[in-house]
1. If you take the charge dipole of the chain about its Cα centre, with +1 on Lys and Arg Cβ and -1 on Asp and Glu Cβ, which of L303, A326, I412 is farthest toward its positive end?
2. Long-range amide H contacts for L438: which residues qualify at under 5 Å (H placed 1.01 Å from N, peptide plane, sequence gap of 5 or more or a different chain)?
3. Please give, to one decimal in nm, the separation of the simple spin-label points placed at D307 and D98, each 7 Å out from Cα toward the Cβ.
4. Fewest to most neighbouring Cβ within 10 Å: what's the order for L66, L345, L138?
5. Using a cut-off of 9 Å between beta-carbons, work out the net charge of the residues near L188 (Lys and Arg +1, Asp and Glu -1, L188 not included).
6. Let me see the pair-distance distribution of the chain: every alpha carbon pair, 10 Å bin width, integer percents in order.
7. For a quick check: with amide H placed at 1.01 Å from N, whose amide H comes under 5 Å from A155's, ignoring anything fewer than 5 positions away on the same chain?
8. Enumerate by residue number the chymotrypsin sites (Phe, Trp or Tyr not before Pro) in the range 49-138 meeting two conditions: DSSP loop (anything except H, G, I, E, B), and at most 12 other Cβ atoms within 10 Å of the site's Cβ.
Amino acid sequence: MGRNGQILRISVIGTGYLGLTHAVCMADLGHEVLAIDVDAEKIAKAARGESPFFEPGLEPLLRKNLDAGRLRFTDSFAEIGEFGDVHFICVGTPQVKDGGSADLSYVFAAAEALAPHLNRATLIVGKSTVPVGTSRQLIERARAAAPAGDLVDYAFNPEFLREGYAVQDSLTPDRIVFGVTSESAENLMRAVYATPLASGIPALTMDLETAELVKVAANSFLATKISFINVMAEMCEASGADVIKLADAIGIDERIGRKFLSPGLGFGGGCLPKDIRAFRATAQDKGVDSLVSLLSTVDTINLGRRDRVITLARQALGELAGKRVAVLGAAFKPNSDDIRDSPSLAISGRLADEGALVAVHDPVAMANAARVRPDLRYAESVHDAAKDADVVLHLTEWADYRAIAPAALRSIVANPVLIDGRCTLDAAAWRAAGWTVLVPGRP
């Protein structure tokens, strides 16, 4: 329910990962929501109560709000222009091919499709992650094309969704950021988020440019933290030290903290790699060379972790050609079926390209993985993947894999060698069951 019991009419443009989650959660907060997408199949699926991607808790909430009549889907911009008090732009900003910058064509196309149907005072809200300065361009174009002209206001409200926790992060975020140019825009945004704000979640109001920088700055810091501990893993390997014990020891310092200080394969997915590359491109445009240098190093360190696991596989197997490799995990992280920039899938593909016979298991991401790498074998169970394997690679840290009985798996492999690329399995238990266990950054 909006502020003072105010129910707002909210449109959401784009029903991908961000858009569908946002539409469902806005409806769950009590607002009337109409969502639009250019992909008719996606719209039809969502309207039937089916989420096109795996996200814990999202599908039941989608059905609940469809049944309550608070959430509908359309393919008509005229309909949402007429309907909405607030229009959220939630389309993708993918990386430009052969470059690091963000492709803003979908963002501008969304605003340009909406603007001609804006006949009264309304608020457009940017939610897609964009380079700093984009909001000013967007509002200029929207006002020029809208019959309502300057009555169209604009705000930037960055998203901080973690895949696997997106519903929780939408309904109870740790902060809500409002980038605005007017008091009326801020008031309307506070009405949209009245329920979480009433529960004490902090709201930070700022100018558009600072709001645009918040998300990319946060992601760049997290990426830097992950790459830092992975460089420490290399130092530990070079000196016979243990990176997990090191991370535990420095993570106790509250200025550093243990979160995101997990060594392993590094980061992947649809956000961190794309966002730091786009931010690097923006820094280059603005001549901030120190930031370009920092983010380039972070990216290089991150990609180098994949090489380290392949090197360990070569050490374990000698020649890769003809060897059977079992890979546990295809998604870039657990609790997700997202395989965008997945370190696991990249490693699986490179091993296959060198002639290894790769069998991949993942609890939910195999269908998506098969579309990208149809040449790999996808196994219905861990045991099916590991049968007669010369080496087992643990590359996505699903809880399921921590429940594996090492002795049972040892009985079906050809060679009991485990490479724990995520540094999360109980190495002592596997070694006690007769396995040779190789972990990057651990002796």
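None of the figures in this text is laboratory data; all of them are computed from the coordinates on show. Computed from a prediction, not measured in an experiment: that's the story for all the values here. Ideal geometry is used to build each Cβ from the backbone, glycine not excepted, and the neighbour counts take in all protein chains shown.
1. Farthest along the dipole direction, towards plus: I412.
2. The answer is L418, I419, D420.
3. Once both label points are built, they end up 2.4 nm from each other.
4. L66, L138, L345
5. -2
6. Spelled out per bin, shortest first, that is 4, 20, 27, 23, 16, 8, 2, 0.
7. Residues meeting the amide H criterion: I124, V125, G126.
8. For chymotrypsin sites (Phe, Trp or Tyr not before Pro) across the range 49-138 that sit outside H, G, I, E and B with at most 12 neighbouring Cβ atoms in 10 Å, the list is empty.
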